[in-house]
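**Q** To start, I am sharing the structure in question, which I have written as structure tokens.
The values are calculated or read from the model by the stated rules, or taken from the named source; none is laboratory data. These numbers come from a predicted model, not from an experiment. Backbone-built Cβ (ideal geometry, glycine too); neighbour counts: all protein chains shown. For accessibility, only protein heavy atoms count, side chains too; no ligands or nucleic acids. Shrake-Rupley method; radii C 1.70, N 1.55, O 1.52, S 1.80 Å.
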Protein chains: 2
Amino acid sequence: MAKKILLSYGSGGVMMHRFINDVIQKKFSNPLLDKLNDQSVFNIEKHRLAFSTDSYVVDPIFFPGGNIGDLAINGTINDLVMCGAKPLYLSVGFIIEEGFDIDSFEVIIDSMSNCAKKAGVNIITGDTKVVQSGKADKIFINTSGIGILENDLNISGDNAKPGDKVIISGTIGDHGMAVLTKREGIMIDSDIKSDTMALNRLVEKMLIHTDKIHAMRDPTRGGVATTLNEIANQSDVGITIYEKNLPIRENVKAACEMLGFDPLYVANEGKLIAFVEPDIAESLVEVMRSTDEGKDACIIGEVIKEYPKKVILKTSIGGSRVVSMLTGEQLPRIC
Amino acid sequence: MAKKILLSYGSGGVMMHRFINDVIQKKFSNPLLDKLNDQSVFNIEKHRLAFSTDSYVVDPIFFPGGNIGDLAINGTINDLVMCGAKPLYLSVGFIIEEGFDIDSFEVIIDSMSNCAKKAGVNIITGDTKVVQSGKADKIFINTSGIGILENDLNISGDNAKPGDKVIISGTIGDHGMAVLTKREGIMIDSDIKSDTMALNRLVEKMLIHTDKIHAMRDPTRGGVATTLNEIANQSDVGITIYEKNLPIRENVKAACEMLGFDPLYVANEGKLIAFVEPDIAESLVEVMRSTDEGKDACIIGEVIKEYPKKVILKTSIGGSRVVSMLTGEQLPRIC
């Protein structure tokens, strides 16, 4: 372990997982934390509640398709939703740099307010800190959230099973490429927008349709490749995905090719990956496609017994390769 | 309203209250948030739960008596406890500056782990972000917490009543002066230590003793003066306090005098102020004094009908003066 914190410890990838497991988790260890999901589920008598937290440090704070405020609300809602919970309440903690524009701040909290209303959740507690100019970068936002499980399902990263189909709710790489092109001032002759959105309405419909969802996760930092590797590890299964099935917008694909990024590792902020029993996969995709949030949903692969903890990509030209978790840091401060 | 965020918007005082009320609260408004307590209480069927959040940006991160990790755990526990809740679960969100020492980080999370164990709460979900060197100041920590109210009391900042006695659990100003003297490198010939500690065990004992507590709050940013003004405002009452009753350590008093601080405005991180029915005040103080956390507890004043929304200090020499909320910024980044 290096003696200094590296940027890659916040990447979402291998280095972050190692840092969290070796340094943080072993100190804080308890059965709920040790499940290593993006949310924790606990009981209050017969009620099952979900609790999640995320800090947002995206740079730039305004980007095509949204701003740090949208991410802060939608991101934490999505973390709650991925275990099948209905999001109820959010907290907001601001850390603001002295001298930050009030006008920009108001735009951000307007976005937060709108996203919360749209998703039907209330922000019920908060905190504001201000640090001296130069001691933070404009604004950082933490949101934590509480949700309730109105079902008795066990939708968890360690519950994917061989035979499960792997569904993605839409196109990949939009958010990461929107932030990157804005940050680097790259003018691309196309309109790449962040996909930031709350997925609670989509998941509500999915859960009405079926109780055969075993695991869900939103592929944010580290992208689809990293999320699939996390699930393969937690569930001790192999996962095969088909390159030709991966939904990618033409403009995102072009930008990735031009800039040398693999879209499988680029962050998404309004997508989910679901691991579901094979017999309901097709009909579930139809249900998802009937919604705005899931209109590009499709099956991208399946869970296998072979190659436990590995993700295998079947390429368009008929080959296979192992897709590992993100190593190093691809795009710092993407969310 | 200035067009830029000022340091004083994070002070805990008048400017922060104005900023929060005018800019944030009106956008996020809902009945639970609008109560403006340091925690929100919501129902899950017949269960009452409390939810709170705080970000910690203290500078320096290590100070006599504790570090940022102790504050992050104890502070959020205390916010939960102030409505009479039993703290159950915490989330932790780290924002770390690239290049920060792993050794220092480990000391901090050791402290967090120890404080959580001591208070009997579990950290069940978390998030880690890393930003580039120079984009944050070493480490910022957000903790959010969930507690349960195992009583049907309404302990709330808007519930103080004329006749109530005002009790403080111990000496004031310790935390603020410990951080300040460390930060400024002031060598004082005495050993001022932060009072950071969790107050859940103390409040448990208080609630076993009586159901006649109307309001409680921990006097952190802005100190005792600001907290009393908050309660006077929320409850629409006057509050009288007696200078001669205020418990202040000699070394803290000397440091305040030397450096020109009024201890009434200096932050505390292990103290509470309780507003209680007069007939149980004396016996409650006895109960508090039987604990480590409350061994210096005493009655410092009472709630009055006259002078609504004002705090009146009866001075040692027999005069009276209005004590207002903190204005401007006394000690930035005190927690």
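**Q** Can you name the number of the only condition in (1) open to solvent by 20 Å² or more (accessible area, probe 1.4 Å); (2) within 9 Å of chain A (Cβ to nearest Cβ) that B:Asn43 fails?
**A** Condition (2) is where B:Asn43 drops out.
**Q** Still on this structure, I have one more. Any residue in the range B:173-187 that is closer than 16 Å to B:Asn268 by Cα and polar (S, T, N, Q) sitting within a Cβ distance under 8 Å of a residue that is assigned to a helix (DSSP H, G or I) and open to solvent by less than 20 Å² (accessible area, probe 1.4 Å)? List the pairs, counting only those 6 or more apart or interchain.
**A** Final answer for the pair search is B:Thr181/B:Ala255.
Table: residues versus (1) over 25 Å from A:Ser40 (Cβ atoms); (2) modelled with pLDDT of 95 or more; (3) open to solvent by less than 10 Å² (accessible area, probe 1.4 Å); (4) of a type in the set (A, V, I, L, M, F, W, C).
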| position | (1), (2), (3), (4) |
| --- | --- |
| A:Thr143 | no, yes, yes, no |
| A:Asn159 | no, yes, no, no |
| A:Gly163 | yes, yes, no, no |
| A:Glu184 | yes, no, no, no |
| A:Ser194 | yes, yes, no, no |
| A:Val224 | no, yes, yes, yes |
| A:Leu228 | no, yes, yes, yes |
| A:Ile231 | no, yes, yes, yes |
| A:Arg249 | yes, yes, no, no |
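**Q** Which residues, counting only those in the range A:148-169, are within 14 Å of chain B (Cβ to nearest Cβ) and either touching an Asp or Glu at 6+ places or on another chain (Cβ under 8 Å) or assigned to a strand (DSSP E or B) (or both)?
**A** Scanning the range A:148-169 gives A:Ile148, A:Leu149, A:Gly157.
**Q** May I pose another question? The conditions are (1) open to solvent by less than 40 Å² (accessible area, probe 1.4 Å); (2) at pLDDT 95 or above; (3) out of contact with any Cys (no Cβ under 9 Å at 6 or more places or on another chain), and A:Ala255 fails exactly one of them. Which is it?
**A** Unmet condition: (2).
**Q** Another question about this same structure. Among the residues that make up the range A:125-136, is at least one of them crowded, with 23+ Cβ neighbours inside 10 Å, aliphatic (A, V, I, L, M) and more than 9 Å from every other protein chain (Cβ to nearest Cβ)?
**A** no
**Q** Check the range B:50-65 and report whether any residue there is farther than 22 Å from B:Ala178 by Cα and among the hydroxyl-bearing types (Ser, Thr, Tyr).
**A** Yes; the residues of the range B:50-65 include at least one that is farther than 22 Å from B:Ala178 by Cα and among the hydroxyl-bearing types (Ser, Thr, Tyr).
**Q** Taking strands (runs of 3 or more DSSP E) that fall entirely within the range B:237-335, which contain at least 1 residues that are among the basic types (Lys, Arg) and more than 25 Å from B:Gly75 (Cα to Cα)? Explain how you work it out, then say what you get.
**A** Details: elements: B:238-242, B:273-276, B:298-304, B:311-314, B:320-322.
Strands (runs of 3 or more DSSP E) meeting the threshold: B:311-314, B:320-322.
**Q** Just to check your reading of the model, which residue among A:Asp191, A:Asp195, A:Asp279 is among the acidic types (Asp, Glu) and touching a Pro at 6+ places or on another chain (Cβ under 9 Å)? Don't jump to the end; show me each part of the working.
**A** Details: A:Asp195 fails: touching a Pro at 6+ places or on another chain (Cβ under 9 Å); A:Asp279 fails: touching a Pro at 6+ places or on another chain (Cβ under 9 Å).
Of the residues listed, the single one that is among the acidic types (Asp, Glu) and touching a Pro at 6+ places or on another chain (Cβ under 9 Å) is A:Asp191.
**Q** Would you check which residues across the range B:38-56 are of a type outside the set (D, E, K, R) and either within 25 Å of B:Ile231 (Cβ to Cβ) or modelled with pLDDT under 95 (or both) and list them?
**A** Listed by number, the residues that qualify are B:Gln39, B:Ser40, B:Val41, B:Phe42, B:Asn43, B:Leu49, B:Ala50, B:Phe51, B:Ser52, B:Thr53, B:Ser55, B:Tyr56.
**Q** Test A:Gly99 against the stated conditions and say whether it is open to solvent by 10 Å² or more (accessible area, probe 1.4 Å), more than 19 Å from A:Asn114 (Cβ to Cβ) and within 12 Å of chain B (Cβ to nearest Cβ). Break it down into steps so the answer makes sense when it comes.
**A** Details: open to solvent by 10 Å² or more (accessible area, probe 1.4 Å): yes; more than 19 Å from A:Asn114 (Cβ to Cβ): yes; within 12 Å of chain B (Cβ to nearest Cβ): yes.
So A:Gly99 passes the test.
**Q** Now for a different question. Which ones in the range B:258-283 are small (Gly, Ala, Ser) and modelled with pLDDT under 95?
**A** If the condition is that a residue be small (Gly, Ala, Ser) and modelled with pLDDT under 95, then B:Gly260 is the only one that fits.
**Q** Follow-up question, since we're still on this one. Out of B:Glu306, B:Glu329, which single residue is within 14 Å of chain A (Cβ to nearest Cβ), open to solvent by 40 Å² or more (accessible area, probe 1.4 Å) and farther than 17 Å from B:Val276 by Cβ? Let's see the steps before the verdict.
**A** Working: B:Glu306 fails: within 14 Å of chain A (Cβ to nearest Cβ).
Going through B:Glu306, B:Glu329 in turn, the sole match is B:Glu329.
For every residue, the table says whether it meets (1) closer than 23 Å to B:His17 by Cβ; (2) open to solvent by less than 10 Å² (accessible area, probe 1.4 Å); (3) more than 9 Å from every other protein chain (Cβ to nearest Cβ); (4) in a helix (DSSP H, G or I).
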| residue | (1), (2), (3), (4) |
| --- | --- |
| B:Ser55 | yes, yes, no, no |
| B:Ile77 | no, yes, yes, yes |
| B:Leu80 | yes, yes, yes, yes |
| B:Gly84 | no, yes, yes, no |
| B:Gly93 | no, yes, no, no |
| B:Asp103 | no, no, no, yes |
| B:Ser111 | no, no, yes, yes |
| B:Lys117 | no, no, yes, yes |
| B:Ile146 | no, yes, no, no |
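**Q** On the basis of being within 10 Å of another protein chain (Cβ to nearest Cβ), assigned to a loop (DSSP other than H, G, I, E, B) and farther than 27 Å from A:Ile167 by Cα, does A:Asn30 make the cut?
**A** Values: within 10 Å of another protein chain (Cβ to nearest Cβ): yes; assigned to a loop (DSSP other than H, G, I, E, B): yes; farther than 27 Å from A:Ile167 by Cα: yes.
For A:Asn30, the condition - within 10 Å of another protein chain (Cβ to nearest Cβ), assigned to a loop (DSSP other than H, G, I, E, B) and farther than 27 Å from A:Ile167 by Cα - is met.
**Q** Restricting the range A:265-280 to residues that are under 15 Å from A:Met216 (Cβ atoms) and surrounded by fewer than 20 Cβ atoms within 10 Å (Cβ to Cβ), which is farthest from the chain's Cα centre (by Cα)?
**A** A:Ile280
**Q** Continuing with this model, one more query. Consider B:Asp137 carefully, then state whether it is in contact (Cβ under 8 Å) with a residue 40 or more places away in the chain and assigned by TED's automatic domain parsing to the domain that holds B:Gly84.
**A** Yes.
**Q** Given the residues A:Ile155, A:Ile168, A:Ile172, which is the only one that is in contact with a His (Cβ under 9 Å, 6 or more places away or on another chain) and within 20 Å of A:Asn74 (Cβ to Cβ)?
**A** Result: A:Ile155 is the single residue among A:Ile155, A:Ile168, A:Ile172 that is in contact with a His (Cβ under 9 Å, 6 or more places away or on another chain) and within 20 Å of A:Asn74 (Cβ to Cβ).
**Q** Do you know which residues across the range A:57-74 are open to solvent by less than 10 Å² (accessible area, probe 1.4 Å) and facing chain B (nearest Cβ under 10 Å)?
**A** Within the range A:57-74, A:Val57, A:Val58 qualify.
**Q** From the list B:Ile231, B:Ile248, which residue is out of contact with any Cys (no Cβ under 9 Å at 6 or more places or on another chain) and aliphatic (A, V, I, L, M)?
**A** Exactly one of B:Ile231, B:Ile248 is out of contact with any Cys (no Cβ under 9 Å at 6 or more places or on another chain) and aliphatic (A, V, I, L, M), namely B:Ile231.
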